[in-house]
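The values are calculated or read from the model by the stated rules, or taken from the named source; none is laboratory data. Predicted, not measured: the structure shown is a model, and the values here were computed from it. In this analysis, Cβ positions are derived from the backbone assuming ideal geometry, glycine residues included, and neighbour counts consider all displayed protein chains.
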Amino acid sequence: MNCIVNYGYSTAICYVFSLPFMFDDLTYIGNTYPSIVFNNVKRLTVKDEISFKHEFFNGIALSFPLLEELCVINIKPQSLISDKWNTNDNQWYSIIKFPYLISLRLVTVHIDYIDQFLNERKTHLPCLTELTVNYNNLLIVTEHFTRDATWLNCMKIKKLNVGETIEHTKHLHVYFPLLELCFFSY
């Protein structure tokens with residue numbers, strides 16, 4: 001037996017489960033979870049009122065090695081050292097690898113998390129084919145679809161859900177060469 005307890009400002013969520021964890025879906029875990037490997041979990045939602053640091057996502061990648069779908073919910077800025085973190089000579093952290101992640105949902109998040117996942121110097125997403133994200137934040141992070149550091153994690157995306165109607169520009173098609181569907185609602 002093991003448990004996960006996540007506290008909010010006015011709520012607490014407790015998961016009690018037997019080991020090994022046999023379910024393929026786990027929702028609403030936060031910054032605290034046991035350091036065990038969840039080999040069967042394919043879908044995960046992480047949510048907290050405290051910011052997620054880079055190390056948190058590294059732990060997620062290690063604890064959920066077969067993760068295919070990830071939803072992040074957190075409106076707190078990721079880091080107070082973002083100026084050092086965003087330099088071109090980043091040696092602060094290792095690159096996080098999500099080898100099986102195909103779907104990423106970053107709607108109710110601070111813009112830092114969009115950069116965390118799309119920036120190849122922070123995260124490697126070789127199988128990402130579906131992205132749900134706020135369009136204006138996507139424009140900022142990708143520098144209007146011209147930023148090299150985010151292109152590698154975007155180039156295989158086939159389904160883009162941006163929550164609004166967008167203009168299909170030349171830069172958009174170059175940045176997302178495999179794009180098949182562009183959705184306009186979350």
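Quickly run through the range 141-163 and pick out the residues that are among the β-branched types (Val, Ile, Thr) and either surrounded by 14 or more Cβ atoms within 10 Å (Cβ to Cβ) or assigned to a strand (DSSP E or B) (or both).
Val141, Thr142, Thr150, Ile157, Val162
Given the conditions (1) under 20 Å from Val133 (Cα atoms); (2) at pLDDT 95 or above; (3) of a type outside the set (Ser, Thr, Tyr), which single one is not true for Leu62?
Condition not satisfied by Leu62: (1).
Being at pLDDT below 90, crowded, with 16+ Cβ neighbours inside 10 Å, within 14 Å of Thr123 (Cβ to Cβ) and not charged (D, E, K, R): is that true of Trp92 here?
No: the conditions fail for Trp92.
For the range 1-34, give me each residue that is of a type in the set (S, T, N, Q), surrounded by 14 or more Cβ atoms within 10 Å (Cβ to Cβ) and at pLDDT below 75.
Asn6
Across the range 95-111, what is the total count of residues that are part of a loop (DSSP other than H, G, I, E, B) and among the aliphatic types (A, V, I, L, M)? So that I can check it myself, show each step before the final result.
Applying the first criterion (part of a loop (DSSP other than H, G, I, E, B)) to the range 95-111 yields 95, 98-102, 107-108, 110.
Still in the list and also among the aliphatic types (A, V, I, L, M): 95, 101-102, 107.
The number of residues fulfilling the criteria is 4.
Residues of the range 25-48 being over 19 Å from Asp115 (Cα atoms), in a loop (DSSP other than H, G, I, E, B) and charged (D, E, K, R), which ones?
Lys42
Which condition number does Phe57 fail, the rest of (1) farther than 17 Å from Gln78 by Cα; (2) surrounded by 15 or more Cβ atoms within 10 Å (Cβ to Cβ); (3) modelled with pLDDT of 80 or more being met?
Unmet for Phe57, out of (1) farther than 17 Å from Gln78 by Cα; (2) surrounded by 15 or more Cβ atoms within 10 Å (Cβ to Cβ); (3) modelled with pLDDT of 80 or more: (1).
Would you mention how many residues in the range 164-186 are modelled with pLDDT of 85 or more, in a loop (DSSP other than H, G, I, E, B) and either more than 13 Å from Thr129 (Cβ to Cβ) or of a type in the set (Phe, Trp, Tyr) (or both)?
Number of matching residues: 1.
Is it true that Ile114 is among the hydrophobic types (A, V, I, L, M, F, W, C) and in a loop (DSSP other than H, G, I, E, B)?
Numbers: among the hydrophobic types (A, V, I, L, M, F, W, C): yes; in a loop (DSSP other than H, G, I, E, B): no.
For Ile114, the condition - among the hydrophobic types (A, V, I, L, M, F, W, C) and in a loop (DSSP other than H, G, I, E, B) - is not met.
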